[in-house]
1. So which residues in region 117-137 are hydroxyl-bearing (Ser, Thr, Tyr) and not in a loop (DSSP other than H, G, I, E, B)?
2. Can we say Ala141 is surrounded by 20 or more Cβ atoms within 10 Å (Cβ to Cβ), hydrophobic (A, V, I, L, M, F, W, C) and farther than 25 Å from Lys57 by Cα?
3. Among the listed residues Ile152, Ile104, which satisfies the condition of being in contact with a Gly (Cβ under 9 Å, 6 or more places away or on another chain), in contact (Cβ under 8 Å) with a residue 12 or more places away in the chain and not aromatic (Phe, Trp, Tyr)?
4. Please work out if Ala12 is at pLDDT below 65 and within 30 Å of Ser144 (Cα to Cα).
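The values are calculated or read from the model by the stated rules, or taken from the named source; none is laboratory data. From a predicted model like this one, the values you see are computed outputs, not experimental measurements. Using ideal geometry, Cβ is built from the backbone for each residue, glycine included, and neighbour counts are taken over all protein chains shown.
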Amino acid sequence: MARYTGPVTKKARAFGDPIFGYDKSFERRKYPPGQHGLSKRRKARSDYALQLAEKQKAKYTYGILERQFRRIFHNATRRHGVTGEVLLQLLEARLDNTVFRLGIAPTRRGARQLVSHRHITVNGHVVNVPSYTLKPGDVVAVRSRSKGLDVITTHAGAKTSDVRRYPWLEWNPDKMEGIFLTFPQRDQIPEKINEQLIVELYSK
């Protein structure tokens, strides 16, 4: 399935948030892209525009296209709990996102590539589907034959400090494996996404 491969800084500036990770170019120009920059007068956006922008922000953040995002939303509506929070929990439970959170890859794009190239296992079995949804207790690990790859050893060596920021995950740098302990609570997810606006958009 296709993924966005355009300029990441331009998208980050459009949303006013470094959604693809730290970006020096974004830090220098924290205003919307456009020929006239900050000098152009911008009209106040409608409620629909705000809702649509929030959905787009979530899609680009997690690297998901429209049809897949809509399917995840419908899955969230069928589960118990607040729909917006459940939506973010399902996004966080994706295998590629968890590989990124564990520090095995520096970006979600990189994590997606590791999964697709069969470098990651779940409960001892190779899984090459980035959208695979983890369940509490699942063990995510680097495949034995892949542990010596430079791209993995560079990032997965001693990332314990980063993983401590995500209490729903547990990481063992010696074994290069982590455990998806539970679905995260909303206040534990660091992404600046107003999920209620997404719910309102799809509820129309």
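1. Result: Thr121, Thr133.
2. Yes: the conditions hold for Ala141.
3. Selected residue: Ile104, the only one of Ile152, Ile104 that is in contact with a Gly (Cβ under 9 Å, 6 or more places away or on another chain), in contact (Cβ under 8 Å) with a residue 12 or more places away in the chain and not aromatic (Phe, Trp, Tyr).
4. no
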